[in-house]
């Protein structure tokens, strides 16, 4: 194993995840730091809320892409023969997790970031695209049924390891992906703990499905 190459790509994965598209786009084009408005997070949902539909969509796509990119860096370790092909999934999970960690605690913005759901989605799209697309569908269904983005995010995050565990077609040869899926679900729950408290108290804000208006 080439430990130096692994370390370089691991750092790169974190730095890619740390790219704060919501903050940078908000400041550059609107003169607004989205973290000072709405929920106070630098994620796509708060960007939709504070800046509107178009910048929110751009931020969401960028956050998904950076999660996909950070995870896909693991493939270069195989190309450069730093790891064996059967070790790819382990390093995809490590690099993807570092990308999500970077989104939540971005080094460029004093470690104050978003909740990591879109970046997590990009990670899962790189590893299990079909299952990830099913989770997107579940999120959309929950969102339209409840109008709660947080609830949709939590249920979609739980759906990923459950689909891998319960559906034979998706069951991976390496159980580490299922275990990691549940760990990431726990991370989503942790980052949404305030939302969960508001959901229980009936105080959580509902999403405006017609995203053309600002909330």
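Observations
- Condition broken by residue 46, with the remaining ones in (1) farther than 13 Å from residue 16 by Cβ; (2) assigned to a helix (DSSP H, G or I); (3) at pLDDT 90 or above; (4) in contact with a helix residue (DSSP H, G or I) (Cβ under 9 Å, 6 or more places away or on another chain) satisfied: (3)
- Test: residue in region 124-133 that is assigned to a helix (DSSP H, G or I), farther than 29 Å from residue 202 by Cβ, within 14 Å of the chain's Cα centre (by Cα) and touching a residue at least 60 places away in the same chain (Cβ under 8 Å): yes
- Number of residues in region 21-43 that are closer than 30 Å to residue 74 by Cβ and either part of a helix (DSSP H, G or I) or at pLDDT 95 or above (or both) equals 5.
- Hits in region 111-155 (condition: on the phi > 0 side of the Ramachandran plot and surrounded by fewer than 17 Cβ atoms within 10 Å (Cβ to Cβ)): 111, 147
- Considering region 12-28, the residues that are in contact (Cβ under 8 Å) with a residue 12 or more places away in the chain and over 15 Å from the mean Cα position of the chain (by Cα) include one that is farthest from residue 50 (Cα to Cα), namely 12.
- Residue 69 vs. criteria under 19 Å from residue 99 (Cα atoms), at pLDDT below 90 and either touching a helix residue (DSSP H, G or I) at 6+ places or on another chain (Cβ under 8 Å) or in a loop (DSSP other than H, G, I, E, B) (or both): no
- Test: residue in region 45-52 that is surrounded by fewer than 19 Cβ atoms within 10 Å (Cβ to Cβ) and on the phi > 0 side of the Ramachandran plot: yes
- Out of 186, 201, sole residue that is out of contact with any strand residue (DSSP E or B) (no Cβ under 6 Å at 6 or more places or on another chain), modelled with pLDDT of 90 or more and closer than 24 Å to residue 96 by Cβ: 186
- Picking from residues in region 181-206 that are part of a loop (DSSP other than H, G, I, E, B) and in contact (Cβ under 8 Å) with a residue 12 or more places away in the chain, the one that is surrounded by the most Cβ atoms within 10 Å (Cβ to Cβ) is 192.
- Selection status of residue 140, more than 23 Å from residue 72 (Cα to Cα) and assigned to a helix (DSSP H, G or I): yes
The values are calculated or read from the model by the stated rules, or taken from the named source; none is laboratory data. These numbers come from a predicted model, not from an experiment. Note that each Cβ is placed from the backbone with ideal geometry, even for glycine, and that neighbours are counted across all protein chains shown.
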